[in-house]
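**Q** The following block contains the structure, expressed as structure tokens.
The values are calculated or read from the model by the stated rules, or taken from the named source; none is laboratory data. Note that the structure is predicted; figures quoted are calculated from it, not measured. Note that each Cβ is placed from the backbone with ideal geometry, even for glycine, and that neighbours are counted across all protein chains shown. SASA here: full protein model, heavy atoms, side chains in, ligands and nucleic acids out. Shrake-Rupley method; radii C 1.70, N 1.55, O 1.52, S 1.80 Å.
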Amino acid sequence: MLNSFFAFGVPTFLVILYIGFAIFRKKSQIPYLGFALFIIAGFLSAFSFQVIQEALTELQHTTQQVLEQTYGYPFYLLAIPFACGILLLVLNAYRGYKRIKTIRYQAK
């Protein structure tokens, strides 16, 4: 799970998928694509958090230097995909909040 291709490849794919859905959402009139973006961002955050937990579990058995030499990257880089996922989750939650406010305002 800490292999660099897996730990950074899956989040990269999810970000590319997110961007593709975001572009498609802008060009279409499908109202529920925002929810799909929220799900992608949630999966990105959850996956990145699991990778961080795996790194912390392995750190209990050996030193950080040994693990960084074994996997070939510093472990603080694992925070980047997690932070990206959290940022996208917050952005989508804000968009949803604005959308609900707009719908409520139109209903009155």
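**Q** Dipole of the chain (Lys/Arg Cβ +1, Asp/Glu Cβ -1, origin at the Cα centre): which of PHE13, GLN106, ILE52 lies farthest to the positive side?
**A** Value computed over the given set: GLN106.
**Q** Here's another thing I want to ask about it. How far, in degrees from 0 to 90, does helix 33-59 lean away from the longest principal axis of the Cα atoms of the chain, to the nearest 10?
**A** 20 degrees
**Q** How far, in nm, would the chain grow between LEU77 and PHE43 when pulled straight, counting 0.36 nm per residue and subtracting the alpha carbon separation?
**A** The LEU77-PHE43 span can extend by a further 10.4 nm.
**Q** So, one more: With every protein chain kept in the model, how would you rank ILE52, ILE40, ILE103 by accessible area, 1.4 Å probe, largest at the top? Spell out each step's value before the answer.
**A** Numbers: ILE52 40, ILE40 20, ILE103 85 Å².
From most exposed to least exposed: ILE103, ILE52, ILE40.
**Q** Positive end of the charge dipole of the chain (Lys, Arg +1 and Asp, Glu -1 on Cβ, about the Cα centre): tell me which of ASN92, PRO31, GLY42 has its Cα farthest that way.
**A** The residue sitting farthest along the positive end of the dipole is PRO31.
**Q** Ignoring ligands, DNA and RNA, what percent of the 1.4 Å accessible area of the chain is carbon and sulfur?
**A** Carbon plus sulfur share of accessible area: 68 percent.
**Q** When N is the residue count of the range 1-63, what does its C-alpha Rg come to as a fraction of 2.2 N^0.38 Å?
**A** Working it through for the range 1-63, the quotient is 1.44.
**Q** Averaging over all projection directions, find the projected area of the Cα convex hull of the chain and quote it in nm² with one decimal place.
**A** 7.5 nm²
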